[in-house]
Structures are given as C-alpha cells and as structure tokens.
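Enquirer: For reference, the structure I am asking about is given below.
The values are calculated or read from the model by the stated rules, or taken from the named source; none is laboratory data. Because the structure is predicted, anything quoted here is derived from the model rather than measured. With ideal geometry, Cβ positions are generated from the backbone for all residues, glycine too; neighbour counts draw on all protein chains shown.
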Number of protein chains: 4
Amino acid sequence: MPTSRLEAFSDGVIAIIITIMVLEFEMPEGADWHSLQALTPVFLTYVLSFMMLAIYWNNHHHLMHVTRSVGGGVLWANMHLLFWLSLVPFGTAWLGGNHSAALPAAVYGVLLLMAAVAYWVLVHAILRHEGPASKLQKAVGRDIKGKLSIALYAVAVVLAFVNQWISDALYVTVAFMWLVPDRRIERRIEAERT
Amino acid sequence: MPTSRLEAFSDGVIAIIITIMVLEFEMPEGADWHSLQALTPVFLTYVLSFMMLAIYWNNHHHLMHVTRSVGGGVLWANMHLLFWLSLVPFGTAWLGGNHSAALPAAVYGVLLLMAAVAYWVLVHAILRHEGPASKLQKAVGRDIKGKLSIALYAVAVVLAFVNQWISDALYVTVAFMWLVPDRRIERRIEAERT
Amino acid sequence: MPTSRLEAFSDGVIAIIITIMVLEFEMPEGADWHSLQALTPVFLTYVLSFMMLAIYWNNHHHLMHVTRSVGGGVLWANMHLLFWLSLVPFGTAWLGGNHSAALPAAVYGVLLLMAAVAYWVLVHAILRHEGPASKLQKAVGRDIKGKLSIALYAVAVVLAFVNQWISDALYVTVAFMWLVPDRRIERRIEAERT
Amino acid sequence: MPTSRLEAFSDGVIAIIITIMVLEFEMPEGADWHSLQALTPVFLTYVLSFMMLAIYWNNHHHLMHVTRSVGGGVLWANMHLLFWLSLVPFGTAWLGGNHSAALPAAVYGVLLLMAAVAYWVLVHAILRHEGPASKLQKAVGRDIKGKLSIALYAVAVVLAFVNQWISDALYVTVAFMWLVPDRRIERRIEAERT
C-alpha cells in the first residue's frame, strides 16, 4: 500500500476529530457574561486539544514524508494511534466540564499518554519496515522529545490525584515543547536535497 | 467512472463514521470513578466498532486496488455497503448503553450482518464487471472468511435472545478473524508484481 | 479554478452530510421491541435521505465530469446547492420524528425542491460557461427528469397539507426515478470515446 | 511542505465546519407553524455563517493558488485561522438561540474578527516567505477589503452592546462585500497567463 492512502485517511480522521470537538461545547443556558465566563475552562481545554491534534497532524505528515511504503503492521499501528486520538474530544469535554476534579484530568492524560505511546509504536513499526539505514532512522535519532513526552504524561496522570493543576500545566508544557515542528526530520530532508 | 473517486468517497465516509462515533458517548454525570466505570461497556463497544470499521476500510481499500473501473451497479452496491456502515454509530451507542439487554445486541448484529452481506454483494458486482479471469477472482477464491462471517453474524443475532454475551463473543471473534488483512489479495498482488 | 477542487470539496461536504445524519437519530429510551418499533419512521426517512444524497453525489460527479473549468458564478451556484443539501439532516430528523404531521413533510419537500432548483441553476450556470455546443448541453438535452422532479416536489409540498402520505409517496417516486444514474450524460461520454 | 497538503487539510476542516453546523439546530418541540417560526433567527444566522465559511474557503483557495511552498510559520498561521473558524458553529448556535441579547452578537463578532485577523496574519506570513516581488504581493496590493473587514468587525463587537441589530447588519454587510471572490488575485493570475 502506498503511504499516500494512509496519509489521506489519517489526515481526514484528524481533520474530523479537530472539528467535531466544537460539538461537545454545551450551549450556555443564558446569554449573559456569567454564562460565557462559565465556558472559560471548556474553551481553554479546547485550545489545548486543538493544539495537540494540530501537532499530531503536523508530525504525522512529516513522518509519512520519509516513509516509502506501508505494510500491515504499520497500518494497524496507525489505526491504533487514530483510535486514541479519536477519544480526545470526549476527554476534552469531560475535562472542560469538570476542571476542578482529579479524575477527568487523569483520564485526559491517559488519552494523551496512549496517543504518544501509539505514535512511538508507529514510528518503530515504520523503522522495522524501512531499516536502520533509512532516512527516518537518521531523522528520529534518539527521539528524546518523544520519550520525554511519554514520561511527562505518565507523571501528569499520577500527579492529577495530588493536584490536577499540576497535570494541566504538564499538558501545556508538552504541547509547547512540540509546537516547534520536528526540526530533526525537516533538517534531514533538507540535507538530503543538497 | 474511475475507481479512485469511489474510493475517495468511501474512504471519506468511513473516516467520518469512525470519528463521529465518539459523539455518541454520553458525557458522564459525575467526575468520579463510579461515573467512569459506568462507561466501560460503552468503551468496549466503541473499541469493537472502531476495529470493525478499520477492517472494512482496509479490506475495501484492497478490493478497490484490484478493480479497474466502476459501473452503475458497483456504485450502488458500494452505497449499499456505506448505508449499513453509517448505522454502526447508532448500533454502537444503543448496545453500549444497554449491554445487558438482548435486542440491542441483536440489532448490532443485524447491522454487521447486513454490512457483511453488502460487502459480499459488492465483491460479486465487481466480479461480474471484471470477469472470471480477473485478478480479483483469483484473489477472492472461495471466499471462506466472508461466508463464515455472514454465518457467524446470523447465528449471533439469533443467540442474542438466548444470552447476549454469546453474541458479543461472536462479534469479537469475527473481528479478530479479519484483523489480519486480506492476505489472499495481498499475496495475489505481490505474485503479479514478480 | 479547475473542477477537481470544487468536486473534492463538494464530495467532502456530501460525504459528511450523508454520515452525520445518523447523529440525528434520537437514542431510544428503552431496549425493547417497542422502543425499536418507534424508530421505524425515523429509519425510513433516513433511508430516503441517504438515497437522495447518494443520487446527488452521483449526478454531481457526472456533471463535473463533463465540465472543463469553473468560474465565480458556477462556484456560488454550487455552494447554493450544498447549502440546501446541508439542511437535509435537519429535515430528515424533523420528518422522522413527526411523520403524522403535515408541516415537517412540507418542509422536507421544500428542502428537496430548493436542492433540485439549485441543481438546475448549477447546470445552467455551467452551460453558460461551456457554451451551447458543449458536451454537457448535448448530454442534458431537454432535461425532462430534472424539470419533472421540480414539479413533483412542488406538488408534494402543497399536498402535504391535504395528506402527508401523498407527499412521502412523491418523494419516494422521485428518488426511484433518479436511482438510475444519468444515462444521458453517461451515454454521451461513451459516444465521445468511440 | 507542498501547499497541496495544507490546502487539502484546510479544505477538509472547512467542509466539516460548514456541514456540522446543522447539528447545532435544536429540533423544534412541536410540528406546527409556531415551532417552525421560532427557528427563523437560527436559520438566518445559519445562512450568514454558511456564506462566511464559503467565502473563507474560496479566498483561502485563491490564496494557496499563488503560494508556492509552506514553512512552519505559515503552517501555524493557517492552524490559527482554522481554530477561529472551528468556533463558528458554536457562535452561530449561541447567536441563533439568543438573537435579542447583546453578548452572543458580540461573541459572534469576536470570532469573525479573530478569523479575519488570522487570515491577515496568514497572508503576511506567506508574503514574508514569498518575498515582496511575488505574485501574491502584487495581487494583495494594499488589501483595503481585508483591513476594512477587520475594522467593521471591531466596530460591530462594540456596537452590539448599544443595539445588536447594528452588529448583525454589519456582519451581513461584510459578507456581501466579500461575496465577490477576490478579483485582485484572479485578475493577477489571468494577467500572468497572458
């Protein structure tokens, strides 16, 4: 299977996830400032999830760019990633509606953790397919950012039960850490060209 | 009509179905463990349906790959398949919310049964178009897996009224049976290349 | 603008409309036969709307196939068509939930009528662009089926206030009339090839 | 990154936004004229938002057409635009359901204002990438329509607290101002061809 089909399907799914999240916004009951203010945590969680999904779209795109072809293992690793991402709208809505409780913050973290693990699994499934001398292997290198994200999410899930604001802060931290697109792969692509 | 358009449309519809299923998750009323636990059957049904739809996407993709062109009959056979798949989010939500009742398990089975029948009809509509000496004919062979799925679904629908856990077990069985992508077609494609 | 972009956008919108309709299904309160039976009118309306949208997708595809390029007028005529189609899920849900009332049947008819008119406008906007000697002009001919649909929808809207079952029967009639894809254009395309 | 991927993703997101808006329509409780009439403000807001999103799709398409390649800055500027557009269904539903209140009209205006600013930022991010001698620079020129839109939205947000009908009138005005696709870029493209 050429990577283009998998990329188009993944792009489609991520585009839908990022867009339907807005449907989880519960319509405010009134039309006054008080009703609007009550949406603040929902809005902030929405911003965070939007950023997260945009980052995944971007990194996934870079990843596919250095992948030549796709076998069954890679295909299912990709579906596994999409599965966890597909639950982000649920996690966002639950966290947004219950920002002062521990469990929704932990569940949101579990979703991000599982998505990060699924991404790691996907990268390694592709690496097995492409071989150790591949462009991707050189680009990924030691993958410090990927491993650090997984560690931070795991810590955030546990700390949610101490104080959920710590978890929220950690999620924001990881998002900003990734906002810069994966320069490693970009640099490698440019190096290949010259 | 070239197969590419039909494939793009089908891919789009399946991507949307697989993604909007999350909107059927009813938001838990509380933010405690009890509320989360109550989601377990919804979650498990979600996992099963996600796998089913991913399998359909995958097999549909392989099917289109060995199809050269598409006439009116194939087009409507494909729409018929998408129709039954489009009802999966409804079946998932009803089953997830009523996992200890017989009827939702049976209805879920009817949707899967009709989708499997529709797939079988689609394959044969394409075969009529492509001819008995086609790549697809060789790839499909006696189509034991397809026929077995239809039989198992039919049995599961009936047995739901005896004990709905039997049906659930059968649905999971069929899913795992298909998780391996259609090697027959894959093998045939590879054989053609060499 | 090349037609491919407009076609991809229209395909995407129709794929989303056809798929999100399922979200308008209200989850039955119980899990028994009575609850399921109560869904029958919703289901039948769903089937009809699914067929209608599939027909639009199919005909729209054929239409774009004989169109060479797209100007501003055609673009907005297309958006106008998508606008009315985008309201079909609402009309479907209202009709499905109130099948024994006149007004929802009439409103459903108004949506179909406006979509049919919008399609007619779109065809003529393209014809103005392509010229009277174009492939499309020859294919469309006197467009009896298109004009008849508009007339039947208009009649159905009025007759809904006499008896809504007459309207429902007329909607089904038009759907079956179009189920056969637009042979005129197909024949023309084939004639061009030979 | 080639512009084609960014365009496909943006097209997909806008197609989904424009289509899921219908899900925010609250089903009328009755099936009589009174229930239907109560939907009038929702319908009119829907029409306005549909037009706005169609205009963005159209202009975005023209913009991408004169853009050769896309770096990280442009990519995030584009995501920023999609973020504000993704909130339009929420703003539409809140305004439609509360058309006689000031705040929903102001919030709707803030969303349109932020989207217009995000579009301006996107255009300038591309310009920095393409250079002052680019086709886009010539096409955009002094961008009077873009700046005027931003000014009118800002005024409308403030005036919503005086009388929300003034804001509504201003939103409609801007929509009609843009209904004509961006002739400047179109003219430039045609000039390039000859």
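Enquirer: Consider A:Leu36 carefully, then state whether it is among the aliphatic types (A, V, I, L, M), over 28 Å from B:Ser10 (Cβ atoms) and either surrounded by fewer than 20 Cβ atoms within 10 Å (Cβ to Cβ) or touching a residue at least 40 places away in the same chain (Cβ under 8 Å) (or both).
Expert: Criteria met by A:Leu36.
Enquirer: Output yes when any residue across the range D:124-138 is modelled with pLDDT of 85 or more, under 30 Å from A:Leu36 (Cα atoms) and buried (at least 18 other Cβ atoms within 10 Å of the Cβ), and no when none is.
Expert: no
Enquirer: Go through (1) closer than 28 Å to C:Glu24 by Cβ; (2) within 11 Å of another protein chain (Cβ to nearest Cβ); (3) touching a residue at least 12 places away in the same chain (Cβ under 8 Å) one by one and return the number of the condition A:Thr45 breaks.
Expert: (2)
Enquirer: For the range B:58-67, check the following and say yes or no: at least one residue is surrounded by 18 or more Cβ atoms within 10 Å (Cβ to Cβ), within 8 Å of chain A (Cβ to nearest Cβ) and either among the hydroxyl-bearing types (Ser, Thr, Tyr) or touching a Gly at 6+ places or on another chain (Cβ under 9 Å) (or both).
Expert: Within the range B:58-67, one or more residues are surrounded by 18 or more Cβ atoms within 10 Å (Cβ to Cβ), within 8 Å of chain A (Cβ to nearest Cβ) and either among the hydroxyl-bearing types (Ser, Thr, Tyr) or touching a Gly at 6+ places or on another chain (Cβ under 9 Å) (or both).
Enquirer: Hey, among C:Leu85, C:Leu75, C:Leu36, which residue is within 27 Å of D:Ala38 (Cα to Cα) and of a type in the set (A, V, I, L, M)?
Expert: C:Leu85
Enquirer: In addition: Would you confirm, using the coordinates I've provided, whether A:Phe50 is closer than 29 Å to D:Gly71 by Cβ, free of Cβ contacts under 8 Å to residues at least 40 places away in the same chain and facing another protein chain (nearest Cβ under 9 Å)?
Expert: Yes: the conditions hold for A:Phe50.
Enquirer: Also, I was wondering about something else. What pairs come out if I take residues in the range B:13-28 that are more than 7 Å from chain A (Cβ to nearest Cβ) and pair them with residues that are assigned to a helix (DSSP H, G or I) and of a type in the set (Asp, Glu) whose C-beta lies under 9 Å away, six or more apart or interchain?
Expert: As it stands, the answer is none, since no pair meets every condition given.
Enquirer: Could you check the range C:101-137 and list, in sequence order, the residues that are under 19 Å from C:Val174 (Cα atoms) and not in a helix (DSSP H, G or I)?
Expert: Across the range C:101-137, there are no qualifying residues.
Enquirer: Output the qualifying pairs, or none if there are none: Cβ atoms under 6 angstrom, residues six or more apart or on different chains, first residue in the range D:95-107 and more than 9 Å from chain A (Cβ to nearest Cβ), second residue surrounded by fewer than 22 Cβ atoms within 10 Å (Cβ to Cβ).
Expert: Filtered contacts from the range D:95-107: D:Gly96/D:Pro41; D:Gly96/D:Val42; D:His99/D:Pro41; D:Ala106/D:Val157.
Enquirer: Tell me which residues, restricted to the range B:45-93, are within 14 Å of the chain's Cα centre (by Cα), β-branched (Val, Ile, Thr) and more than 21 Å from C:Phe43 (Cβ to Cβ).
Expert: B:Val47, B:Ile55
Enquirer: Would you mind stating whether B:Phe176 is surrounded by fewer than 15 Cβ atoms within 10 Å (Cβ to Cβ), of a type outside the set (A, V, I, L, M) and in contact (Cβ under 8 Å) with a residue 40 or more places away in the chain?
Expert: Taking the combined requirement at face value, the residue does not satisfy it.
Enquirer: Determine if the range B:67-80 includes at least one residue that is in contact (Cβ under 8 Å) with a residue 40 or more places away in the chain and within 30 Å of A:Asn98 (Cβ to Cβ).
Expert: Within the range B:67-80, not a single residue is in contact (Cβ under 8 Å) with a residue 40 or more places away in the chain and within 30 Å of A:Asn98 (Cβ to Cβ).
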